[in-house]
């Protein structure tokens, strides 16, 4: 069976069984595949955004180029031999050609694994984060999370890629290790000192990295702020009146200083590298 450029948005495929089926650039947004089975199929560049993909099984299937935003999946789904190579062939046809394709066993991890396997793409991804990434730290209660979301929107509008750690931590990392990982990928760290855990997070970050840090507060500063400053000469402080309007007025100047810091850090790294040559 072969589907080419079809549109099956919101279609109900509950408990359907697809065997030796090719979906080429097919639109399947918001479709329902609850309990469905895919065996030896090709989902080349299909759009699965917003789809219920709690399938019974998906095996020996090409999933290269799929769009999987807001994909709903199930931990009970059997997933194996999901091909992440660009091909219009079925898995059986690839094997018949005497080739062993690159595969993963989790449809959600497929694109990430593809980037890891392609060194140039992985390098480009890391470069983007190091050039534009901003890690936002702060408190979540008493309106703190809402303020961070507004900051995130502001940074995104100014061509940055901002991150808020408001998701479940990876099972293999504790909270602190996750924060360190995210900060290592970021260009600038921006922190609300009123967050209970923020001083500890900053201490760990500054013990591991030398990068621009901006902290903001509207009350008496954290008593050990001077100690944090001594850990990093690229440290900037914003004392504001507690209003978001005032914070956004003062932020651009500090961002400009942080950008200048970043240039200095890159130059220092280059000089250090040249000395070792």
Open item on the list: Tell me whether segment 111-119 contains one or more residues that are at pLDDT 70 or above and surrounded by fewer than 16 Cβ atoms within 10 Å (Cβ to Cβ).
Closed with: no
- [ ] Could you list, in sequence order, all residues of segment 55-67 that are modelled with pLDDT under 95, part of a loop (DSSP other than H, G, I, E, B) and surrounded by fewer than 19 Cβ atoms within 10 Å (Cβ to Cβ)?
- [x] 65
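Matching residues to (1) surrounded by 15 or more Cβ atoms within 10 Å (Cβ to Cβ); (2) modelled with pLDDT of 90 or more:
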position: 7; (1), (2): no, yes
position: 30; (1), (2): yes, yes
position: 48; (1), (2): yes, yes
position: 69; (1), (2): no, no
position: 73; (1), (2): yes, yes
Open item on the list: If I go through segment 86-100 residue by residue, how many of them are under 32 Å from the mean Cα position of the chain (by Cα) and on the phi > 0 side of the Ramachandran plot?
Closed with: 0
- [ ] Determine which single condition residue 147 fails, assuming it passes every other condition in (1) in a helix (DSSP H, G or I); (2) closer than 19 Å to residue 259 by Cα; (3) at pLDDT 80 or above.
- [x] (2)
TODO: Report whether or not residue 89 is part of a loop (DSSP other than H, G, I, E, B), more than 17 Å from residue 21 (Cα to Cα) and in contact (Cβ under 8 Å) with a residue 12 or more places away in the chain.
DONE: no
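The values are calculated or read from the model by the stated rules, or taken from the named source; none is laboratory data. Not measured: the values here are computed from a predicted model. Glycine gets a Cβ as well: all are built from the backbone with ideal geometry, and neighbour counts include every protein chain shown.
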